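Written below as structure tokens is the structure these notes are about.
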Amino acid sequence: MAGSLAASAFFPGPGASPAASAKTSKTMAGELPENLSVRGIVAKPNAPSGNMQVKAQAQALPKVNGTKVNHKNASADTEEAIPYSAPKTFYNQLPDWSMLLAAVTTIFLAAEKQWTLLDWKPKKPDMLVDTFGFGRIIQDGLVFRQNFLIRSYEIGADRTASIETLMNHLQETALNHVKTAGLLGDGFGATPEMSKRNLIWVVSKIQLLVEQYPSWGDMVQVDTWVAAAGKNGMRRDWHVRDYNSGRTILRATSVWVMMNKNTRRLSKMPDEVRAEIGPYFNGRSAITDEQSEKLAKPGSTSDGDATKQFMRKGLTPRWGDLDVNQHVNNVKYIGWILESAPISILEKHELASMTLDYRKECGRDSVLQSLTTVAGECADGHPDGTIQCDHLLQLESGADIVKAHTEWRPKRAHGEGNLGFFPAESA
């Protein structure tokens, strides 16, 4: 708008007043010479812009040999009614930005008001804190809690989350616990003092009890904490619940020791490392001693029991199976162990408990074989009974990698089963 007004001052259009144009010219350049011919357009005061009344008038007459020559015709002093329509230019086709801005502002304010009226807050306050699943430290800094939504690609053929999915949740919370506590160094879960000494954590043993498997779309809540395990080890426990009902899904405990990253040998825990992690130790255990005693040791069978053995050879790690410490992720071992389990057990039963005893790390160029022994009357995979299996994962050269013991129960419909609750003081 301002540009249009400025332009009209220098280039008067057909709709402009000659008096205003002449006045503007005089203001900018002074008085006009008398012999300067000016042709203007006079507009009637209240005439519409579409039908302008204009008058063509000669301001000075030309001279020929000193004699003025009059070229006026009979209609020179008369006014002619000439219909006029202003030509389309860049300026007069611009939209009225003020009205457009007002419309956009009105829409924005209405949307903002509508959003504030929505009751979008969750029913539980801790869900607001962990909306994006980052996790947080609770219980005076001794427990780390994180929520996970079961994705469609994390479920198996029976429409429930696989054991590998749940184990990945355990590992993720362990690392996030170290990170949130400010103890994450350069290694995979290693503290700053461990990184200075080229030390890394390796798992020695994992034991887990599964009460129920979540389904696609379920939200699970994972609590994890650490404790001392002898002089040179650390114990890490987990308790997994259904977020909505609070019922137990899984309980697990594990023992971790230190290894030198360069020599690949086990190492004692330095006092500096103990000082870092000691303030976070929590003496509570996810699996009680009574429950531990009920689980058979890996590879043990009763005398005289008939057994059947199943084998799968030629297992090799892929590049994606390695972690940042350049050895196979411990969760991958579980998949290899179950490779040799009979399909009849996998179809009709679900894993109820597992004990894993890690003996040796597995590298990128390793070639492994998986053996599963089904003990006693369970060898035929009877659908109504509990099945116990012993597993061995070893290099084809003969060295043991992992020994394991599993117990299987008949599959139940989702939501069935005696789901236990954790004691109230640990919630």
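In table form, for the structure just shown:
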item	result
Two-site FRET efficiency, Leu142 against Leu109, from Cβ-Cβ distance with R₀ of 60 Å, rounded to 0.05	0.80
Extended-chain gain in nm, criterion 0.36 nm per residue less alpha-carbon gap, Asn168 and Val367	69.3 nm
Separation in nanometres of the label points that stand 7 Å from Cα toward Cβ, at Ala102 and Ser195	6.0 nm
Net dipole in debye of the stretch 116-294 [+1 Lys, Arg Cβ; -1 Asp, Glu Cβ; about Cα centre; nearest 20]	440 debye
Greater than 26 Å apart at Cα, pairs in Lys261/Lys313; Lys205/Lys268; Lys231/Lys332; Lys268/Lys313; Lys205/Lys231; Lys231/Lys403	Lys261/Lys313; Lys231/Lys332; Lys268/Lys313
Dipole of the stretch 116-294 [Lys/Arg +1, Asp/Glu -1 at C-beta], most positive-end residue of Asn168, Ala275, Thr288	Ala275
Residue (of Ile200, Thr253, Gly217) at the positive-pole extreme of the stretch 116-294, dipole from beta-carbon charges	Ile200
FRET efficiency estimate (nearest 0.05) - Cβ-Cβ, Asn262 to Leu395, R0 22 angstrom	0.50
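Computed from the coordinates by the stated procedures, all read-outs in this text should not be read as laboratory data. Computed from a predicted structure; not experimentally measured. No Cβ is skipped: glycine too gets one built from the backbone with ideal geometry, and neighbour counts run over all protein chains shown.
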